[in-house]
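For reference, the structure is listed below as structure tokens.
Here, each number is a calculation from the coordinates, and none is a lab measurement. Computed from a prediction, not measured in an experiment: that's the story for all the values here. No Cβ is skipped: glycine too gets one built from the backbone with ideal geometry, and neighbour counts run over all protein chains shown.
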Amino acid sequence: MEKRKVIIIGSGPAGLTAAIYAARADLKPLVFEGSEPGGQLMGTTDIENFPGFPDGIMGPKLMQDMRSQAQKFGTETVMKKITKVDFSDHENLNLWAGDDEYSAESVIIATGASAKWLKLEKGEEKYWGKGYTACATCDGAFFRNRIVGVVGGGDSACEEAMFLTRFASKVYMIVRRDEFRASKPMQKRVFENEKIEVLWNKSVVELNGETLLSSVDLIDRVTEEVSNLELNGLFMAIGHHPNTEIFSDFVDLEPNKYLSVSDNTKTKIPSVFVAGDCSDWRYRQAITAAGYGCMAALDVEKYLDSLEG
Ligand SMILES: Cc1cc2nc3c(=O)[nH]c(=O)nc-3n(C[C@H](O)[C@H](O)[C@H](O)COP(=O)(O)OP(=O)(O)OC[C@H]3O[C@@H](n4cnc5c(N)ncnc54)[C@H](O)[C@@H]3O)c2cc1C
């Protein structure tokens with residue numbers, strides 16, 4: 001089994017940017033693309049906030065270009081998911097994709113985080129990126145003078161709703177209970193905003209529309225009455241799930257299950273580094289993930305140099 005200088009787990013903006021830097025440093029990185037090659041942006045349409053594209057760029061196109069750029073400098077990509085790791089020997093890190101075993105001197109974890117969905121029986125994949133989304137910062141501007149809904153009752157849901165009032169003509173907050181989980185000052189801001197209407201005790205049971213989302217069916221959790229709400233966008237704000245379980249025996253996780261880092265990209269294992277949304281629950285943007293990918297690759301370079309020195 002060939003021992004790699006660096007293995008990168010994940011092929012979103014963080015993993016592929018790390019690959020570009022590592023490949024240009026002649027480290028011949030091996031990237032595991034996982035079950036979502038290209039990462040979260042593959043499910044989106046226009047990206048208008050990634051620098052360098054004044055007319056915007058489609059998410060899948062941006063990711064294909066990042067992948068080509070990484071491959072051009074010598075990155076090897078494999079469409080496999082890492083299912084197990086053993087990082088107990090810091091100088092000989094072992095990884096498995098099913099029965100296939102790999103080893104490396106260093107690893108960059110860039111496995112991202114997935115937005116939690118409603119878990120409806122049908123419809124969520126059909127409308128994902130077509131009105132059904134999970135990022136107000138990313139997609140809010142597409143809903144200028146439109147009606148949108150935000151699902152959730154925590155601080156993030158309130159923040160997303162407040163942000164969306166900059167664009168939307170009306171913002172419904174769809175809340176499962178009869179109260180918010182959000183902090184009192186945040187609640188006050190929501191109640192004072194004339195564009196926001198809170199729908200208490202409601203859950204979304206169905207998404208409707210031709211190609212684009214145009215309405216949702218809601219069930220009242222007290223009366224069990226079902227009603228239809230017309231809207232153009234539905235923003236999920238019930239949290240994210242970081243893809244970090246397989247690492248938990250070896251590196252520290254925060255209480256919210258994101259990877260714990262020190263000094264930007266470092267874990268408690270000197271040869272294991274972290275990049276992107278799997279450790280960043282605050283910014284969650286393609287450009288920040290790419291930036292972390294760059295930093296992780298530069299830190300890997302320094303670490304490998306230190307072994308030789
Ligand atoms: C609907 C939507 C719209 C968005 N729009 C924008 C936008 O307009 N602008 C913007 O800046 N950001 C946007 N974002 C946010 C942006 O997509 C993320 O911040 C960014 O993709 C995070 O990059 P990442 O590389 O850290 O993780 P991800 O993109 O989540 O990639 C994670 C990668 O890890 C892989 N992986 C996971 N587990 C394993 C494993 N065990 N083995 C191997 N591989 C694994 C996955 O297959 C995937 O390739 C949007 C997000 C969503 C959901």
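Structural remarks
- Considering only beta bridges that DSSP places wholly inside the chain, some 45 percent are antiparallel.
- Coarse-grained scattering of segment 1-90 at q = 0.17, 0.19, 0.26 Å⁻¹, given as base-10 log I(q)/I(0) from a Debye sum over alpha-carbon atoms: -0.72, -0.86, -1.29
- Counting every pair of alpha carbons in segment 45-175, the share spaced more than 19 Å apart comes to 67 percent.
- Under a model in which nothing but the beta-carbon of Lys, Arg (+1) and Asp, Glu (-1) is charged, the chain shows a dipole of about 620 debye around its Cα centre.
- Scaled against the 2.2 N^0.38 Å expected of a compact globular protein of N residues, the Cα radius of gyration of segment 204-309 reads 1.62.
- Helix screen, the chain: DSSP H segments with Cα axial length of 24 Å or more and mean Kyte-Doolittle hydropathy at least 0.0 are 286-308.
- Between S114 and H241, N243, the built amide H atoms are under 5 Å apart, and every one of these is 5 or more places off in sequence or on another chain.
- Reducing segment 21-47 and segment 164-213 to their Cα centroids gives an inter-centroid distance of 34 Å.
- DSSP beta bridges in segment 1-123 [antiparallel fraction, %, rounded to 5]: 45 percent
- For q = 0.10, 0.19 Å⁻¹, Debye-computed log10 I/I(0) when each Cα of segment 117-236 counts as one equal scatterer: -0.26, -0.98
- Each of M162, N264, Y283 was placed along the dipole of the chain (beta-carbon charges, centred on the mean Cα), and the one lying farthest toward the positive end is M162.
- The Cα center of segment 245-309 and the Cα center of segment 61-103 differ in position by 15 Å.
- Kirkwood Rh in Å, taken over all unlike Cα pairs in the chain: 20.6 Å
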